[in-house]
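Read through the structure below, which is laid out as structure tokens, and then see the notes.
The values are calculated or read from the model by the stated rules, or taken from the named source; none is laboratory data. Note that the coordinates shown come from a computational prediction; the quantities given were computed from them, not determined experimentally. Glycine gets a Cβ as well: all are built from the backbone with ideal geometry, and neighbour counts include every protein chain shown. In case anyone asks, the SASA skips ligands and DNA or RNA and just uses the protein heavy atoms, side chains included. Shrake-Rupley method; radii C 1.70, N 1.55, O 1.52, S 1.80 Å.
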Amino acid sequence: FEEEVPIAGAEEVKEEVAEYSNLIDIMNFDGSWDEKILKVIARTETELLKNMPDQVRKLKTRAEQLRAMYTLEGMKLLKTKFKASDQELKLILKKIVDYLEKNQLENYYQLFGSSEFGVN
């Protein structure tokens, strides 16, 4: 029997894949997220409401505002942690953008203070 030699960084990669998978698994069919994302992003509903941009605040109901904030946080995590490099991720981001635009958040990238969150 050959002894298994751990590959440097393999555990970190496994953890990142699991986190990516968890994030996608809890995504709603329409490209949004709901309160389940709070476990992944390690933030509270109160924090999200406190830091809500005016554009999101204009949505009619608290539920719509929260769904938009959950979705923006999910998109931010995908774009920053997973770098949106592969084709699958680009399709997922397109679905998120479609959801945001449908909910009058077409300038979503401004909500992050940067245009780097655009999807090409």
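Quick check on the range 45-61. Is at least one of its residues part of a loop (DSSP other than H, G, I, E, B), open to solvent by 50 Å² or more (accessible area, probe 1.4 Å), modelled with pLDDT of 80 or more and of a type in the set (D, E, K, R)?
So the first thing to find is which residues in the range 45-61 are part of a loop (DSSP other than H, G, I, E, B), and the list is 51-53, 58-61.
Keeping just the survivors that are open to solvent by 50 Å² or more (accessible area, probe 1.4 Å) gives 51, 58, 60-61.
This time we only want the ones that are modelled with pLDDT of 80 or more, so: 51, 58, 60-61.
Next, from what is left, pick out any that are of a type in the set (D, E, K, R): 58, 60.
Yes, the range 45-61 contains at least one residue that is part of a loop (DSSP other than H, G, I, E, B), open to solvent by 50 Å² or more (accessible area, probe 1.4 Å), modelled with pLDDT of 80 or more and of a type in the set (D, E, K, R).
Of the residues that make up the range 98-110, is at least one modelled with pLDDT under 85, open to solvent by less than 40 Å² (accessible area, probe 1.4 Å) and in a helix (DSSP H, G or I)? There is at least one residue in the range 98-110 that is modelled with pLDDT under 85, open to solvent by less than 40 Å² (accessible area, probe 1.4 Å) and in a helix (DSSP H, G or I). Within the range 1-39, the set of residues being in a loop (DSSP other than H, G, I, E, B), modelled with pLDDT of 85 or more and open to solvent by less than 90 Å² (accessible area, probe 1.4 Å) comprises Ile26, Met27, Asn28, Asp30, Gly31, Ser32, Trp33, Asp34. Looking at Lys90, is it basic (Lys, Arg) and either touching a Leu at 6+ places or on another chain (Cβ under 6 Å) or assigned to a helix (DSSP H, G or I) (or both)? Yes, satisfied.
Suppose we keep only residues that are closer than 20 Å to Ala68 by Cβ and surrounded by fewer than 13 Cβ atoms within 10 Å (Cβ to Cβ) within the range 111-120. Which one would you say is modelled with the highest pLDDT? Explain how you work it out, then say what you get.
Within the range 111-120, the subset closer than 20 Å to Ala68 by Cβ is 111-119.
Going one step further and asking which of them are surrounded by fewer than 13 Cβ atoms within 10 Å (Cβ to Cβ), we end up with 113-116, 118.
Details: Gly113: 53, Ser114: 46, Ser115: 44, Glu116: 44, Gly118: 47.
The residue in question is Gly113.
Could we say that Ala84 is of a type in the set (Gly, Ala, Ser), open to solvent by 50 Å² or more (accessible area, probe 1.4 Å) and either at pLDDT below 80 or part of a loop (DSSP other than H, G, I, E, B) (or both) here? The answer is no for Ala84.
Whenever a residue of the range 28-45 is within 23 Å of Asp98 (Cβ to Cβ), its partners that are part of a loop (DSSP other than H, G, I, E, B) and open to solvent by less than 80 Å² (accessible area, probe 1.4 Å), lying with C-beta atoms within less than 6 angstrom and at least six residues away or across chains, give the pairs Trp33/Met27; Lys36/Ile26.
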